[in-house]
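Asker: If you scroll down you'll find the structure; I have some questions about it.
What follows is calculated from the coordinates using simple rules that are stated; it is not laboratory data. Everything numeric in this text was worked out from a predicted model, so none of it was measured.
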Amino acid sequence: MLILAGASVWLFIRLWPIVLVLAVALLIVGTMSPAVSWLEARRVRRWFAIAFVFSMVSIAAILIVTITIPSLLAQATSLFEREPVFRSGLADYLGQFQISAPLADWLRNLRYDGPGNNLGATAFAYSLRVFEVAAYGMSAIFLALYIMIDRDRLRGGLFAVIPRTHHMRLSRVMMNLETIVGAYIRGQLVTSALIGSFTFVLLTACGVENAMALAVFAGVADVLPYIGAILSVGPAVLAALGQSATTAAIVLAMMLAYEEFESRVLVPRIYGQALRLPSSVVLFALMAGGTLMGLLGALLALPVAATIMMLIEELRVELPGEQEQVATTAQRARDDLAEEEYERRTEGVAVEEAAAIAAEISVDRRYEENHPVLPDIPGAPG
């Protein structure tokens, strides 16, 4: 048993890049599927809906890159060129106060390696890394496309290896997983775009240079809850401090106000109840994901944690000391009815069609749970 477990861990480590590509592909599928399903519901053929959604996303991505990258590179280059002047001005400002004088001395004495030291080797190493990431990214995109095209066949194959008594539960798990992944990724894109736009408008209005580069950085940093707020605010305030202390104070106040607005208003409304994670679980998931996988781990931590919680709920795993609630008993009764309906409707049909029927029943059950029918009360107004 230990040998088998060790071999499994070794194989998982060796195939980790492939597993990561598959995970990213499933994230893309979960993000795109609702739009494809919306078009299918309006009698658009699936292959055309997939092509249309991917084409629109690709066009939007190309437009964003074309509009932002040249300006971003120019502003980032200018930011690096002005770094000595900015550092000197910041050191002079901090040197005015006794408490920050040691930091000012450290900034004045800060030295970098010579410009020619290992520059070629470093550039070559980063070029290989960028190429590797791009190759894995394209692989994930094409894998997601193939998964969406062959959805029925892949789903039928999965249902074929799972006992028939678990088909309805498997269908609910897949539906909930798609909801969790899609809601999280779409919500993250929205929040990142909003804070990037807000940062750009704020810095531009305050006359801070390199506003676009700082705004893009704020949008990217926003993918990290909690620490993302610090990473978003810090560079913007430091850049504004190079202009004046008053400007830095305005930028700091506005950025903090926006971060509070995002956490209190935007995030609950955008994410809704899709993740349903307690604050303690969120913090632990972010710490574990960031420690194990860095930035990517922190990005995947919340959907993974939400998936685990969903599996515990859907598979009816009884935690130590937990007592069965009335709602759980009612849910079991609804599950039994759904399984009876599935058995009746799939008698003698192919596995692919049975998988589609299971998905249809699961969607209907979710709609009934979210839109309960109130009993008629005699004498009540219609």
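Asker: How much length, in nm to one decimal, is gained on full extension between Ala101 and Arg42, taken as 0.36 nm per residue of separation minus their Cα-Cα distance?
Answerer: 14.6 nm
Asker: How would segment 1-78 be classified by its alpha-carbon gyration tensor: rounded, prolate or oblate, with rounded meaning a/c under 1.5 and the a/b versus b/c comparison settling the rest? Before the final figure, lay out each step's value.
Answerer: Values: a/c = 4.86, a/b = 1.30, b/c = 3.73.
Oblate shape, in that a/c is at least 1.5 and b/c is the bigger or equal ratio.
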